[in-house]
Amino acid sequence: MKMRIYYEDTDAGGVVYHSNYLKFCERARSELFFKKNIDIFDAKSGHFLLTRANCAFLKSAKLGDIVEVKTKILNFKKASLMIEQEIFREEELLFRGEFTLAFVKDSKPTKIDDTLKRLFEELF
């Protein structure tokens, strides 16, 4: 997913504020569902919770840059998955994050349903 860096994404020096890289990754994950018309916020089936994040801030994006978030699955289990998301400016790697997401229903881990499983299998 490509996006432009706006003033609201930056600090006073025009450099992307560190927490916004996490926001960009979250947006890219949400877009995966929106593109497939999957209502991930349907409380009846469950939803994902971020349980772990390991981030490397390698270089800075700046006001006006076009960045791209690329997502791939690292590990898929019955009720959780680990993904890697990288943010690039053209071919230059700016950020890398490994995220563990648990699938829960009624505040308890639950098996990821087949529709979501197929969506994630496309990312392998």
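Among the candidates ILE40, ILE112, single out the residue that is over 29 Å from ARG4 (Cβ atoms), modelled with pLDDT under 90, out of contact with any Asp or Glu (no Cβ under 8 Å at 6 or more places or on another chain) and in a loop (DSSP other than H, G, I, E, B).
ILE112
Every residue in the range 66-81 that is at pLDDT 95 or above and among the aliphatic types (A, V, I, L, M), please.
Within the range 66-81, ILE66, VAL67, VAL69 meet the criteria.
So SER30 passes all but one of these: (1) in a helix (DSSP H, G or I); (2) at pLDDT 90 or above. Which condition number does it fail?
Looking at each condition in turn, SER30 falls short on (2).
For the range 106-113, does any single residue satisfy the condition of being under 13 Å from the mean Cα position of the chain (by Cα) and crowded, with 18+ Cβ neighbours inside 10 Å?
So far as the range 106-113 goes, no, none of its residues is under 13 Å from the mean Cα position of the chain (by Cα) and crowded, with 18+ Cβ neighbours inside 10 Å.
For the range 53-76, what are the residues that are open to solvent by 40 Å² or more (accessible area, probe 1.4 Å) and either in contact with a Leu (Cβ under 9 Å, 6 or more places away or on another chain) or among the aliphatic types (A, V, I, L, M) (or both)?
Those that are open to solvent by 40 Å² or more (accessible area, probe 1.4 Å) and either in contact with a Leu (Cβ under 9 Å, 6 or more places away or on another chain) or among the aliphatic types (A, V, I, L, M) (or both): ALA53, CYS55, PHE57, LEU58, LYS59, SER60, LEU63, ILE66, LYS72, LEU74, ASN75.
The values are calculated or read from the model by the stated rules, or taken from the named source; none is laboratory data. Please read all numbers here as calculations on a predicted model, not as lab measurements. Reconstructed Cβ throughout: ideal geometry from the backbone, glycine too, with neighbour counts over all protein chains shown. With ligands, DNA and RNA removed, areas are computed over all heavy atoms of the protein, side chains included. Shrake-Rupley method; radii C 1.70, N 1.55, O 1.52, S 1.80 Å.
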